[in-house]
Amino acid sequence: MRGYDRINPMLPDELILEIFNHLDSKSSRDACSIVCKRWLSLERLSRETIRIGASGSPDALVKLMARRFVNVRNVFIDERLSMSVPVEIGRRRHADQSALSSLGLHFLTEKSGPEDGETESYCLSDAGLCAVGDGFTKLEKLSLIWCSNVTSFGLSSVAEKCRSLKSLDLQGCYVGDQGLAAVGECCKQLEDLNLRFCEGLTDRGLVELALGCGKALKLLGVAACAKITDVSLESVGCYCSSLETLSLDSEFIHNKGVLAVAKGCPLLKILKLQCINVTDDALHAVGIFCLSLELLSLYSFQRFTDKSLCAIGKGCKKLKNLTLSDCYFLSDKGLEAVALGCSELTHLEVNGCHNIGTFGLESIGRSCKHLSELALLYCQKIGNFALSEVGKGCKYLQALQLVDCSSIGDDAICSIARGCRNLKKLHIRRCYEVGNKGIIAVGENCKFLTDLSLRFCDRVGDEALVAIGQGCSLHRLNVSGCHQIGDAGMIAIARGSPRLKFLDVSVLQYLGDIAMAALGEGCPLLRDVVLSHCRRISDVGLANIAKKCALLETCHMVYCPNITSAGVATVITSCANIKKVLVEKWKVSQRTKRRAGSVISYLCVDL
């Protein structure tokens, strides 16, 4: 019988709530909320997370959300998200106006201009933050990103009323010591704290927080806080014995602070440092006291040497992830010490460490049998033989990234291909000695490869892509700037990779409409396509992609002289899911602009 409800009479509230809790996407929840009034009410009860753009009357929006979603535990407020909300948001224009139930969840629209009298744009204030405390008493996670008008008063209000708070992100907020002290006094369960770019804080605030809730604190991030010094870290070392993750980016931190943390936080598992005034002594202490360390990232260190890595290799036997970026005084000796001492290493990134060469990486290949990810960026001294050792010893390698490694060529890639048959991701950029031979070996041996990027490897041509197309089923492919690739190679990819989702073929001068037709037929799941600077692709080729790839979401096609306004219009009209089109402004007709102006982006609009 038409209109008869066969669901509600049979399902209790508890069962429907359980079903709602298994819905991951916001769109699915929103769809359920408009089925009937009962489902709307239950969906509101089940909502635990809201995200609000902190622009466009956020205070009023927070109050509305607090009334509608009483069981929220996670609140994310980000001033970088643009939105526009009517001032009289609390007034109901219709019986229920259920569409507003999801207003705070990624409700993003274009801001109204200053002449629009119905809206008022301003940042989240202490009044809005007080409303968070009043309305979300079960709050466990609060993220305030670049909410610059929030002060200690608002933060203190939240701390006093949300005593179950476990995670607090204050990135870019100008809160002071009083607010942080209130958090320490009231939120005894606080585990995660991010203080990036909190310029109003001094040592006093962090010291009082450590005194108050340091026993529970497990994660601390401090960056660009000019008034936080070693004094704060000494208090962390004294009172935060359960700390597991520490991220420091500061020129005001010296050895004394890091030494205190190393000695006082024996459970430390993750340490990320970008502190130019920290030297070997601090890292030596980490190697002695932090025996549970699993991840170490060192950025822009100019004052420590191989002595530090020798201490890490000797003491941190559980180390699995190591990043060395712009560490100019490290050499093969330090990397060898890590290889010999940290045999469980699974992830290694070496970026701009110009004194690390072939021998250091050979040691990794011989000793770190469980290595699964390797990234070498701007490593001019690392040659083919290093990757040959990795190929022989690291059979579990799944991801390899090479950027500007001028001494690495086909022989190295062949060794990797033959020895690391589980390789799933291969990214190579501006390695001019890599050509067809190496990539053909990858196609013949690495059957699990799904992500391939060969940017500006100008010795790679169609022959290599034919081998990839025959041996691998790719999900992502980037061959930007590989000038020798033409239609034949791309046709092979189209035939061999039916699940391809991302494709970047920009700056391919010999790629034409024939390849586009093959891609349209063979890769119906394409979502993102970059065709910029492809001079031979025309409206005809573009139409093959637009009409046959129904899931297409983004299309970049700047500086394609044979693509006209008609081609742009075809993309807009044929792709129901299109979210972004990047094109020259003069190629967009007024009709296309009216139809889909919000998804069109322009490059060099003044040209």
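The values are calculated or read from the model by the stated rules, or taken from the named source; none is laboratory data. Predicted model only: the values in this text are computed from it and were never measured. For neighbour counting, all protein chains shown are included, and Cβ atoms are generated from backbone atoms with ideal geometry for every residue, glycine included. Each accessible area value is taken on the protein alone, full model and side chains, heavy atoms only, with ligands, DNA and RNA left out. Shrake-Rupley method; radii C 1.70, N 1.55, O 1.52, S 1.80 Å.
Amide H contacts under 5 Å for residue 530: 503, 504, 505, 556, restricted to partners 5 or more places along the chain or on a different chain, H placed in the peptide plane at 1.01 Å from N. With θ taken as phi - 60° and the Karplus curve 6.51 cos²θ - 1.76 cosθ + 1.60 applied, the whole-hertz 3J(HN,Hα) list for region 451-456 is 10, 10, 10, 10, 6, 6 Hz, x standing for glycine and proline.
Of all lysines in the structure, those lying under 28 Å Cα to Cα from residue 37, and not within fewer than 8 positions of it along the same chain, are 26, 63, 138.
Shape verdict for the chain, please, from the Cα gyration tensor: rounded (a/c under 1.5), prolate (a/b greater than b/c) or oblate. Oblate is the answer for the chain, as a/c is 1.5 or above yet b/c matches or exceeds a/b.
Note on residue 231/residue 288: beta-carbon distance plugged into 1/(1 + (r/R0)^6) with R0 of 30 Å gives a FRET efficiency of 0.85.
Given the Cα-Cα distance of residue 15 and residue 370 and 0.36 nm per residue of separation, how much length would full extension add, in nm? Kindly include the intermediate steps, with their values, before the conclusion.
On the way: separation 355, 0.36 × 355 = 127.80 nm, distance 4.48 nm.
Using 0.36 nm per residue and subtracting the Cα-Cα distance, I get 123.3 nm.
Entry note, the chain: relative contact order of 5 percent, from Cα contacts under 8 Å with a spacing of 6+ residues. Region 558-580 and region 327-378 have their alpha-carbon centroids 46 Å apart. The accessible surface of region 405-516, taken with every protein chain in place and a 1.4 Å probe, is 47 percent carbon and sulfur. The stretch between residue 263 and residue 499 holds 79.9 nm of extra length on full extension. This uses 0.36 nm per residue minus the Cα-Cα distance. Summarising the label geometry, the points placed 7 Å from Cα in the beta-carbon direction at residue 380 and residue 354 lie 0.6 nm from one another.
Using a Förster distance of 30 Å, how high is the FRET efficiency between residue 437 and residue 303, based on the Cβ-Cβ distance and rounded to 0.05? For R0 = 30 Å, the calculated efficiency reads 0.10.
Note on residue 71 and residue 216: the model spin-label points, each 7 Å out from Cα along the C-beta direction, lie 2.2 nm apart. Which one of 288, 486, 240 is farthest out on the positive end of the charge dipole of the chain, using unit charges on Cβ (Lys, Arg +1; Asp, Glu -1) and the Cα centre as origin? Of the listed residues, the answer is 486. Extension gain, residue 344 to residue 317, is 9.0 nm, computed as 0.36 nm per intervening residue step minus the present C-alpha separation.
Distance from the alpha carbon centroid of region 194-252 to that of region 458-507 works out to 49 angstrom.
Here the 3J(HN,Hα) profile of region 34-45, calculated from phi with Karplus coefficients 6.51, -1.76 and 1.60 at θ = phi - 60°, is 9, 5, 7, 5, 5, 5, 4, 5, 5, 5, 5, 5 Hz, Gly and Pro shown as x. Per-residue ellipticity at 222 nm, computed for the chain from helices alone with -39500 (n - 2.57) per DSSP H run of at least four residues, works out to -11000 deg cm²/dmol. If R0 equals 60 Å, the separation of the Cβ atoms of residue 562 and residue 127 corresponds to a calculated FRET efficiency of about 0.60.
Toward the positive end of the charge dipole of the chain, with +1 on the Cβ of Lys and Arg and -1 on the Cβ of Asp and Glu, the farthest Cα among 183, 148, 473 is that of 473. Taking the accessible area of region 196-325, probe 1.4 Å, and keeping the other protein chains in place, the carbon and sulfur fraction comes to 54%. Under 5 Å between amide hydrogens, built in the peptide plane, is the criterion, and for residue 297 it picks out 271, 272, 273, 323 among residues at least 5 positions away or on other chains.
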